[in-house]
1. Partner chain Cβ atoms within 10 Å, averaged over the residues of A:34-42 - can you pull that number for me?
2. Around B:Gly69, with a cut-off of 14 angstrom between Cβ atoms, what is the net charge of the other residues, counting Lys and Arg +1 and Asp and Glu -1?
3. Please list, in chain and number order, the residues 5+ apart from B:Gly173 or on another chain whose amide H is under 5 Å from its amide H, with Hs placed from the backbone.
4. So which residue, out of B:Leu215, B:Leu66, B:Leu154, gets the largest mean-square fluctuation from a GNM of chain B using Cα contacts under 10 Å as springs?
5. Quick check: residue separation of B:Ala25 and B:Leu11 times 0.36 nm, minus the Cα distance between them. What number comes out in nm?
6. Determine, for A:Phe8, B:Phe65, the number of other Cβ atoms within 10 Å of each Cβ, and report the residues in order from fewest to most.
7. Okay, helix-only estimate at 222 nm for chain B: each DSSP H run of n ≥ 4 adds -39500 (n - 2.57), divide by all residues, round to 500 deg cm²/dmol; what do you get?
8. Could you size up the charge dipole of region A:10-110 around its Cα centre, putting +1 on the beta carbon of Lys and Arg and -1 on that of Asp and Glu, and report it in debye to the nearest 20?
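We did not get these values from a lab; they are worked out from the coordinates using the rules stated. Predicted model, so just to flag it, every value in this text is computed and none were measured. Note that each Cβ is placed from the backbone with ideal geometry, even for glycine, and that neighbours are counted across all protein chains shown.
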Amino acid sequence: MTVRRPGFSLIEVIVAAVLLSVAILSVAAGGAAALRTMARAERELVALVAGSAVLDSLAHRPAVGNGLAVRGDYTVHWSAIDTAGLVRIVVSVRDPADPAVTLVELAVLAAEPPPPLLAP
Amino acid sequence: MRFRPRSGTSLVELVVAMVSLALLAAITAAFFRVQTHVATVVSGRSESLDAIRTVVGLADRELRFLAPGDFAAAADSVALRAFRGAGVVCDTARGEANVRYIGIRDPDPTKDSLLVADSSALVVGLMASRVAAPSACSLRPGEQALSLRAAHGLVPGTSIVVFERGVYLFAAGAFRYRRGRSGRQPVTAEVFDDATSGFVADPPGAGGGSVRVRLGRSTDRPADVGGSAWPVDVRVSQPNGDTLEVHP
């Protein structure tokens, strides 16, 4: 004759442990994802600052051609296409952690430098 | 004698339960410790990114359109005329000038001065400012009519620029703005290192130059909390400035 004892069966305990593990791993994965996102946001911001600085300086040049500039870990590439008197300058910055990924791409239409706002 | 089952737990069951509980408590404590650290790191890095974005935006807005005489950069600060708006004098009456005005805020006599944008380039104090009837000037979209009283008479047709004198500086870990001689308002959280953060003005060329802002990470913050974006070099070219950043 089988006597039913009070308490949890082995199956119940295993199921509870698995559920608990899944919950803990999910939260841990969320933290890891937040760190990855934050690191990516930092790289994008620095890439944006580096790209903007280069674009800023190129926008005042009448003919800039193509080229690259190295800013710390970041390599900034630029190209210029002359169209109808305006130069379209495109600047892109690759991800140093994965060079196949373009973090930032900026473009501007540049003309001849304007005259000074106020006479010096 | 017949064995009679007793209620309760055996010693083995108790020991197994206690060991399991201790193990679970250790895992939970470690888990929460790691999660707390992750939250601190994410929060700290987010704060740093916010501060960097703020400085980048302010540098672009405040430094880009300055002429050489409008600012002076020192290692840890830059003193400038922070432009707030511009207008054209429509007419004058009883010592007041009606002005077509457009700006990021209304003129404030307690803060602002006027730069007369003609060959005199006079800087005059602003004594009073009030909204005038729209019929006072022929307004274009986005403009408003103001009645200004200045320390120096304004002639109809004259362009004026409204500005306040201010200083951006790094102090006590934060990027701050000080207007006039008083106040030291923090614009960002205290995430910067005063010693390695600062300003460099490139020599002006034909009508303008450029200003570089270097942002160094505060050494009070652990590296993983402070973030990995440092140092950050922000460069703002002014109109007709020299192009010193790259040499193709």
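1. On the way: counts 7, 5, 0, 2, 11, 4, 0, 5, 10.
The mean count of partner-chain Cβ atoms within 10 Å per residue comes to 5.
2. On the way: positive: B:Arg81, B:Arg165; negative: B:Asp70.
Cβ neighbours under 14 Å give a net charge of +1.
3. B:Asp194
4. Highest fluctuation among the options: B:Leu154.
5. 3.0 nm
6. Ranked by crowding around the Cβ, least crowded first: A:Phe8, B:Phe65.
7. Numbers: 2 runs with 57 residues, N = 248.
Taken over chain B, the calculation gives -8500 deg cm²/dmol.
8. Values: 7 positive and 9 negative charges, 42 e Å.
The dipole of region A:10-110 has a size of about 200 debye.
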